[in-house]
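The values are calculated or read from the model by the stated rules, or taken from the named source; none is laboratory data. Small disclaimer: the values here were computed from a predicted structure and weren't measured. Every residue, glycine among them, receives a Cβ derived from its backbone with ideal geometry; neighbour counts consider all protein chains shown. Please note that ligands, DNA and RNA were not included when accessible areas were found on the heavy atoms of the full protein model with its side chains. Shrake-Rupley method; radii C 1.70, N 1.55, O 1.52, S 1.80 Å.
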Amino acid sequence: TVTSCNSYTSPDSMEIWTSTGTYSDMLENALGCDSVITVNLTINTIATNKNIVAQDALICADFGATNIILFNSDTGIVYTLLKADSNQVVGASVNGTGDSILFNTGTLTATTQFRVEASKQGICSAFIDSVATVVIGGKPNSSYVVVDTSLYANAINVSYQWVDCNNSYAALTG
């Protein structure tokens, strides 16, 4: 009995089996005698054709973190967020729910690419096909001019939003 992830190469290396089943294979020894062996094979598969995206693909240098979203997770699969360049694990692994799941990137100081590893029963693991990139933008030009009771930004082609710094940077209206 053999358990493998996604596929298994036959003992004679002539075939690749991708389905659970019972297979026969013929091997020849050094004296030229043939032996038939039976392989009871269980193939564990992991769907890797999933999408991951950054909740905020561009974040300011001062804010430093966002979430990576994995769409359509599978139950029975454990997902782990990794920095793509180093395979460094980011945060805790998350069990698939059948729905989308979020991974917090933690504080970022540079543009970073992320990927997700999926594992099943400690036997099988694979990387999700897509990669998410979070770009760290520079600090905005914060200089301004006061004219009467109005503030005017010195930056060109930029829009600003007043936020409440004591309330998770919630947008202010008015």
**Prompt:** In the chain, which cysteines lack any other cysteine Cβ under 4.7 Å from their own?
**Reply:** CYS33, CYS60, CYS165
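Could you compute the FRET efficiency for ASN104 and ASP164, with r as their C-beta to C-beta distance and R0 at 25 Å, rounded to 0.05?
On the way: r = 22 Å, r/R0 = 0.87.
Plugging the Cβ-Cβ distance into 1/(1 + (r/R0)^6) gives 0.70.
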**Message:** With +1 on the Cβ of every Lys and Arg and -1 on the Cβ of every Asp and Glu, and nothing else charged, how large is the dipole of the chain about its Cα centre, in debye rounded to the nearest 20?
**Reply:** 500 debye
**Complete:** Ignoring ligands and nucleic acids, ASP99 exposes an accessible area, probe 1.4 Å, in Å² to the nearest 10, of 100 Å²
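Rounded to the nearest 20 Debye, what is the dipole magnitude of the range 6-72 about its Cα centre when Lys and Arg each give +1 and Asp and Glu each give -1 at the C-beta? Please report the intermediate quantities before stating the final value.
Working: 1 positive and 7 negative charges, 61 e Å.
So the magnitude is around 300 debye.
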**Complete:** Semi-axes of the chain from the Cα gyration tensor (sqrt of 5 times each eigenvalue, largest first, whole Å) come to 55, 15, 11
**Prompt:** So how exposed is CYS60, as accessible area in Å² (1.4 Å probe, rounded to 10)?
**Reply:** 50 Å²
**Student exercise, the range 42-128 dipole from Lys, Arg, Asp, Glu Cβ charges, in Debye to nearest 20** = 200 debye
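Mean separation of Cα pairs under 8 Å and 6+ residues apart, divided by the residue count of the chain: what relative contact order is that in percent? List each step's numbers first, then the result.
Values: 357 pairs, mean separation 32.4, N = 174.
Here the relative contact order equals 19 percent.
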